[in-house]
There are 2 protein chains.
Amino acid sequence: MTKSSTVNQECAAFKPQKLIQSERSNSRVDVDQINAFLESSPERRDQAQALIQEIVKDPILKTDSSMYDRSKREERAVTARKIARLALYMEHDIKTARKHFKGNDLIEDLQRDTESKLPALSNKDLSIFDRRLSLLHNIDPQLGTRVGVHLGLFGNCIKGNGTNEQIHYWLQERGSSFMKGIYGCFGMTELGHGSNVARLQTKATYNPDSDTFTLLTPNLPATKFWIGGAANSATHCSVYARLIVEGKDYGVKTFVVPLRNPETFQLLPGIAIGDIGHKMGRNGIDNGWIQFHNVVIPREYMLSRFTQVIPSKAPNGKATVKTQPQLDQISGYSALLSGRVNMVMDSFRFGSKFAIIGARYAVGRQQFAKPKQPETQLIDYPLHQYRVLPQIAVPYLVSPVAFKLMDQYYSILDELYKVSSPATFDKTGLAIVSKKLKNLFIDSASLKATNTWLVAELIDQLRQSCGGQGYSSYNAFGKGYDDWVVQCTWEGDNNILSLSSAKSILKKFAASRRGVFDRSLDSGSFDYLEPSFVRAVLTGQETASLRQLQDYTKVWAIALVKFLDHIARLIDVTKDLDSVAKLLVLVSKFHSLHSMLQAYYEKLKNPQDSHVTDAASEAALWDIYKLFSLYFIDKHSGEFQQFKVFTPDQISQTVQPKLLELLQKVRKSIIPLTDAFKLPDDMINAPIGYFDGDIYHNYFSEIIKQNPAEADGAGVPPNADLFTRLLARGSEFDHALGGSPRSEIIERLGK
Amino acid sequence: MTKSSTVNQECAAFKPQKLIQSERSNSRVDVDQINAFLESSPERRDQAQALIQEIVKDPILKTDSSMYDRSKREERAVTARKIARLALYMEHDIKTARKHFKGNDLIEDLQRDTESKLPALSNKDLSIFDRRLSLLHNIDPQLGTRVGVHLGLFGNCIKGNGTNEQIHYWLQERGSSFMKGIYGCFGMTELGHGSNVARLQTKATYNPDSDTFTLLTPNLPATKFWIGGAANSATHCSVYARLIVEGKDYGVKTFVVPLRNPETFQLLPGIAIGDIGHKMGRNGIDNGWIQFHNVVIPREYMLSRFTQVIPSKAPNGKATVKTQPQLDQISGYSALLSGRVNMVMDSFRFGSKFAIIGARYAVGRQQFAKPKQPETQLIDYPLHQYRVLPQIAVPYLVSPVAFKLMDQYYSILDELYKVSSPATFDKTGLAIVSKKLKNLFIDSASLKATNTWLVAELIDQLRQSCGGQGYSSYNAFGKGYDDWVVQCTWEGDNNILSLSSAKSILKKFAASRRGVFDRSLDSGSFDYLEPSFVRAVLTGQETASLRQLQDYTKVWAIALVKFLDHIARLIDVTKDLDSVAKLLVLVSKFHSLHSMLQAYYEKLKNPQDSHVTDAASEAALWDIYKLFSLYFIDKHSGEFQQFKVFTPDQISQTVQPKLLELLQKVRKSIIPLTDAFKLPDDMINAPIGYFDGDIYHNYFSEIIKQNPAEADGAGVPPNADLFTRLLARGSEFDHALGGSPRSEIIERLGK
């Protein structure tokens, strides 16, 4: 309510809160069941709700509208305090996972366990904290990133490339996994090389006489760049550098390099670091640049799971390098997988937040009236339904595939760790997990690119749907967009990821045309490449329709086959993969859309997987599924017609009318469908999106709170002197207060 | 150059400045001629260049990278100082236009000219300053807006709605047009009403006994909202309020209302003002909310060109209201025309800035190599060409239509002023100019919506094309996007504008089908509605091809006719205009794209209009034209196939191959084509986009300059204590400096 407003609290013109109450009273869907579907299970739903409450009630971790007015310096300070607070939660979450609260301090025990007598820290131990961090990323992306860089990038680089002893030492004993002892950053990107990791220029030259490496930044573009944590927080860095031994360049390997003395935070000798400066968003992250000028580290600081430097046994002999090239290449990139998988989950959470805001404003806001009617709610305009409802469908369709990808990721990594440990080494298993990893690379790249783009579009479209109020920082869209869009260029530029995943898909397609298809591995998201299906599509036996629920997924499979066939034919002629790159980017998008629909369909069709037994709720969920599919078929009607999946008349007479009809249907459940994300107001931080729907009072109150009248404008505003001088130059003011002019002027004005 | 870098100045890996020099040496096009084409004539080109130099060299008006780190408070102060500076330029520009520098002060004379003996201030007098302001908007959108609100919105509201005496008094005598005496803001939008101006709630009730109006804000949603200038700078407001006389509501009229005492800037009684607070962008604009609590103004403060309140002559008689409804309605909105016309011009200028940055980075940046080759320049990848070159074509295609629209606007407004002045009143002329105004509303609405959307997309795509460096504030994209996108929702929400223009176009189409078409008025941007052309398209006589230059415009005319026919048929059945709203929005976009291509074609085909005589330059300009048309045909291949303008095979075999071919061709001139915008580095303010192309040195230097090592990170970074405590909790540090570990650890690590 607007306490400081001077007007009557009753708004004769509008009562938006009544409109939203009415939507809820008329609702027939079960919000709790739908929330369980979205959170993947009732157990995860309950855990998410508990964690959300902890987050928004924590005095340090909570976020509110004051965040919109902070300077870069303030952002850094606030984020630093939050990191310190989070570290305490981490210890708590590990103890909770291991059910160990009494007796010795579990964390200290784990750190001191140099003989590895206790069970090593596993993904399961960290799963609660990972969920907490993922939920936190929803209200504070910069905090999520700063911690994610330390745990996910630095940590996973060591996990993926270190020997078991190195992993134990750096992550457990030195305390990194507990956010203690050392704080890491991820030294991959250089000013001159982002995507092309194989050409990084930082050098790590082996010194046989001291059994060490010397790190060197040989030129300006070799400067490590965009390194999150480097400017203010990191004590160590996992550096990607070229291994030079006896004059030979072995390519890019990984090294742990100390940057600062943790006790004083002074830079160590040979290390130069600076702040990258102001960014479009996420200014709470202290990105820095790093240069190494003859920095020396022991040989043992090279992460050596797959590549080892073997010192010569003879006094003047030569050191040698032993490597497992296949795994080395895979593991080099494995640190990046965690980021991509998390970004797909982020897309679900971040997208749902803005879906809620857009939905509630669309219901509360009225503009233009039919004769003798109250002004129409925005959500009752077909155009507004078209702009808003498909965006609400997006987080729904991200959820099942996000959880599926996350589960696949952890299970494959566990498998990789097992089959590549000396104690349990298994060559056959390694070959299998290698293939699974390759598929995971394709899927995670495609899904990361597609979903981060979808959410950038979602935030933009929903901001515009809120008109002028969308431009106010207090309604979350501005900072939301600015913080979000880096997801489209970091951790793999979206276009590069799309290209690489599509090229792999094209290869699988070519293999399929030769009859080669791995049913055990590729029957999931690549099932459309199964040879008999491909044949049926290309001979016209399998055609697109929209009669059954399964068809809404299958049309994308059909479109993919025809699309890939079109591209394959082009390349047959031109022999030039680059010339079809624009089409390949779309292939990746189609692959993702298909995967999302497939995962959603698979989950919803079985009540034991969907956790939805209520018929009305299930129907609403199927409507969302169909809406998503139709919306993107319409968006891509160009491709669907070009590759003859649908005819122009089918677009006009089937696709577009069905879409329009579905929009009207889904509109009815817009509020319960967004209530079902179960994000409290403290996580939304946008007054036009608060639960009670009292949009004008809530928004105006927020403005008054953030801009107290005394400071700005009520009496004499800032810079008033300057304006008085500006206006008074060379002539006198009309001194009559308020300009009640003299009679002769009045006379002239009245003519 | 990077003076403070500690590394060797020679970058062994990359020499981007050589790459850009090579592009310029190999160029065959005439940059000066192309610049004259873009600036619409050699005279305007020279004037633009002179004004640009004045702007970037002015110590107060110039902008540099320090702008990226400012707080909202600092932004406001800097912008206020710039306004004061600009006011001096305004006086200078008027004197220049009138060639009057000696003797009396011309501005004072104009102010004191109560008998209107001197020629009144005309658009011609203000044309130089308008151009200056337009160019300034390119580097400082918030400054452009703050001045534009006063001159363009407040000023044009008075010009469009005031009697000649009222115009003379407020704008000339009180000094408003010279940024003296009073500073205005535009009181139209309310919290509850943005698009639906007819339902604004602020009341202006006539008091017969004192011959005054009382202004009242009756409820919270009636609060004037988003009023630029209200919070800190405005002394007066042109308020849109409901005229209530003798209990009858006459609808929304306009009133001049004093807000503050200009000498002290204190709020006047009954006025409540507050700051709207932080925004996504343009925080230099002091948007405020305003409430009126029984504020009294003289009757003569109502702007009365078309509507007058006539006091009763008898002592207890009733006041009456006299109005010219047709013109009143048109003029009520005429203040908004100036904004829309200017936004189309802004789209040209703002778009060209980012086109330059994207082009230069694409040429300088290298990533991934073919075997034994240096790494490939981004611009040599077909995908990158696809991402960047069409965006460069956008400002090219905006330019001719922007200048054309601007000229039409001024000429129609002059005509309106003349035929509606009592001395030269002309009823027939009024009817004609009324129709011209309606067409102008359609064109300006469609072009404003389409071009502000195109440029939002341009900034986003080009930012992504610059990878990580695009996310750095210093490379202009972040603030550029944040400042730009409000253009899509203010001054007419883009979707609403698109709908209204498309509905008018649909009406003209229906009239055309009945044989009704005004050749004198509609043969410009509506020429595709000419009845015989429409017939030829619908009967299949006129078909789409891409053989001649003119075809690249005509395909859009053909598509529009088929599109409108499709919609008309749908409405015949459903009778529901709202259900086809999504299609109507596209009609507006197609109309604009057609207008842009048409204006470009008309201009380029005649050397005396294009000012291009060099054959290679002309060829390059035709390539841009074709590229723009093909790119959008491909983007809208869905509609082109759905409405059977092109077949699927034509898309595959003609449109897409031509597009690919043209991209490779235009790539060759990417640097001269962007050099031709002739924006100096001081106007670009993005080191990766500077003229010399030395991207790494320039960018790194900027970072060092804005983030001096001493302040952040080189020694002990901010919040270091907090991190030390975080990392040290409950355990000891490994005290060995840099963590050179003890031998037994080394032994374990080396296994």
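Along the range B:649-664, what does the Karplus equation 6.51 cos²θ - 1.76 cosθ + 1.60 (θ = phi - 60°) give for ³J(HN,Hα), rounded to whole Hz, x for Gly and Pro?
Taking θ as phi minus 60°, the curve returns 5, 5, 4, 5, 9, 10, 4, 5, x, 4, 4, 4, 4, 5, 4, 5 Hz for the range B:649-664.
Please label the shape of the range B:27-155 as rounded, prolate or oblate, based on the square roots a ≥ b ≥ c of the eigenvalues of the alpha-carbon gyration tensor (a/c under 1.5 means rounded; beyond that, a/b larger than b/c means prolate, else oblate).
Numbers: a/c = 2.22, a/b = 1.17, b/c = 1.90.
Oblate, since a/c reaches 1.5 and b/c is not below a/b.
Expressed in nm to one decimal, what extension gain is obtained for the pair B:Lys102 and B:Ala369 from 0.36 nm per residue of sequence separation less their Cα-Cα distance? Could the numbers behind the result be given before it?
Numbers: separation 267, 0.36 × 267 = 96.12 nm, distance 6.60 nm.
Value of the extension gain: 89.5 nm.
Quick one: 3J(HN,Hα) in Hz for the range A:485-493, Karplus 6.51/-1.76/1.60 with θ = phi - 60°, rounded, Gly and Pro as x.
5, 5, 4, 7, 10, 9, 6, x, 4
Rounded to whole Hz and in sequence order, give me ³J(HN,Hα) for the range A:258-268 from the Karplus expression 6.51 cos²θ - 1.76 cosθ + 1.60, θ = phi - 60°, writing x for Gly and Pro.
Those phi angles translate into x, 10, 9, 6, x, 7, 10, 6, 6, 5, 7 Hz.
Want the number for A:Lys322 to A:Lys436: 0.36 nm per residue separation, take away the alpha-carbon distance, what's left?
Numbers: separation 114, 0.36 × 114 = 41.04 nm, distance 2.51 nm.
Separation in residues times 0.36 nm, less the Cα-Cα distance, equals 38.5 nm.
With an 8 Å cut-off on Cα pairs and a minimum separation of 6 or more residues, tell me the relative contact order of the range B:264-367 in percent.
The value is 15 percent.
Do any residues of the range B:79-114 lose at least 40 Å² of accessible area when the full set of protein chains is present rather than just their chain alone, and if so which, with a 1.4 Å probe?
At a threshold of 40 Å² (probe 1.4 Å), the residues of the range B:79-114 that become less exposed are B:Ala80.
Check each of the chymotrypsin sites (Phe, Trp or Tyr not before Pro) in the range B:382-464 and keep only those in coil by DSSP with at most 11 other C-beta atoms within 10 angstrom; list them in order. Could the numbers behind the result be given before it?
Values: sites: B:Tyr386, B:Tyr396, B:Phe403, B:Tyr409, B:Tyr410, B:Tyr417, B:Phe425, B:Phe441, B:Trp453; in loops: B:Phe425.
The qualifying sites are B:Phe425.
Considering the zone a paramagnetic label at B:Asp209 would reach in this model (a point 7 Å from Cα along the Cα-to-Cβ line), which residues of the range B:261-304 have amide N under 15 Å from it?
Under cut-off, by backbone N: nothing.
Chains B and A: buried accessible surface, both sides, probe 1.4 Å, rounded to 100 Å²?
Rounded to the nearest hundred, the buried surface is 14700 Å².
Starting with the highest mean, order A:299-309, A:197-207, B:429-439 by the number of other Cβ atoms within 10 Å, averaged over the residues of each peptide.
Going by the mean number of other Cβ atoms within 10 Å, highest first, we get A:299-309, A:197-207, B:429-439.
Where a ≥ b ≥ c are the square roots of the eigenvalues of the C-alpha gyration tensor, would you call chain B rounded, which needs a/c under 1.5, or, failing that, prolate if a/b is larger than b/c, or oblate?
Oblate shape, in that a/c is at least 1.5 and b/c is the bigger or equal ratio.
Past the 31 Å Cα-Cα mark, which pairs from B:Lys180/B:Lys427; B:Lys102/B:Lys479; A:Lys72/B:Lys180; A:Lys62/A:Lys102; A:Lys102/A:Lys436; B:Lys605/B:Lys678?
Table pairs above 31 Å Cα-Cα are B:Lys180/B:Lys427; B:Lys102/B:Lys479; A:Lys72/B:Lys180; A:Lys102/A:Lys436.
Using a label point 7 angstrom from Cα along Cα-to-C-beta, what distances in nm, from shortest up, separate A:Pro607 from the other copies?
8.2
May I ask you to report, in nm to one decimal and beginning with the shortest, the distances from B:Lys507 to the same position in the other copies, taking label points 7 Å along Cα-to-Cβ?
Distances to the matching label points in the other copies: 6.1 nm.
Using a 1.4 angstrom probe on heavy atoms only, work out the carbon and sulfur share of the accessible area of the range B:494-689 in %.
49 percent
Which value at 222 nm does chain A reach when only helices count, each DSSP H run of 4 or more adding -39,500 (n - 2.57), with the total divided by all residues and rounded to the nearest 500 deg cm²/dmol? Don't skip to the answer; put the middle values down first.
Numbers: 27 runs with 391 residues, N = 751.
Computed ellipticity for chain A at 222 nm equals -17000 deg cm²/dmol.
For chain A, what does the accessible surface come to per residue with a 1.4 Å probe? Please give it in Å².
Per-residue value: 35 Å².
List the residues whose amide H sits under 5 Å from the amide H of A:Met188, counting only those 5 or more places along or on another chain, with H placed 1.01 Å from N in the peptide plane.
Distant-sequence amide H within range of A:Met188: A:Tyr240.
Let me confirm one metric for peptide B:214-227, namely the mean number of other chain beta-carbon atoms within 10 Å of its residues' beta-carbons. Each step should come with its number before you reach the end.
Working: counts 0, 0, 1, 3, 5, 10, 15, 11, 5, 6, 0, 7, 5, 0.
Per residue, the average neighbour count from other chains is 5.
Averaged over A:230-236, how many beta carbons belonging to a partner chain fall within 10 Å of each residue's beta carbon? Working shown, then result.
Details: counts 2, 6, 9, 8, 2, 6, 2.
Taking all residues of A:230-236 together, the mean is 5.
Given R₀ = 56 Å, FRET efficiency for A:Thr114-A:Glu457 by Cβ-Cβ distance, to 0.05?
0.65
Between A:Ser66 and A:Asp565, how many nm apart are label points set 7 Å from Cα along the C-beta direction?
6.3 nm
To one decimal place, what orientation-averaged projected area in nm² is obtained for the convex hull of the Cα set of the protein assembly as shown? Walk me through the numbers before you get to the answer.
Details: hull surface 219.7 nm².
Seen from a random direction, the Cα hull of the protein assembly as shown projects 54.9 nm² on average.
Which of rounded, prolate, oblate describes the range B:494-689, given a ≥ b ≥ c as roots of the alpha-carbon gyration tensor eigenvalues and a/c under 1.5 marking rounded, otherwise prolate only if a/b is larger than b/c?
Prolate is the answer for the range B:494-689, as a/c is 1.5 or above and a/b outweighs b/c.
For the pair A:Asp249 and B:Asp527, what calculated FRET efficiency results from E = 1/(1 + (r/R0)^6), where r is the Cβ-Cβ distance and R0 = 60 Å, to the nearest 0.05?
Values: r = 65 Å, r/R0 = 1.09.
The computed FRET efficiency comes out at 0.35.
Shortest first and in nm to one decimal, what separations exist between A:Arg535 and its copies in the other chains, measuring from label points 7 Å along the Cα-to-beta-carbon line?
Shortest to longest, the spacings are 5.6 nm.
What does the structure give for B:656-665 when I average, per residue, the other chain Cβ atoms found within 10 Å of the residue Cβ?
2
The values are calculated or read from the model by the stated rules, or taken from the named source; none is laboratory data. Just so we're clear, the structure is a prediction, and the values are computed from it rather than from any experiment. Using ideal geometry, Cβ is built from the backbone for each residue, glycine included, and neighbour counts are taken over all protein chains shown. Quick note on the areas: whole protein, heavy atoms, side chains included, nothing else; ligands and nucleic acids left out. Shrake-Rupley method; radii C 1.70, N 1.55, O 1.52, S 1.80 Å.
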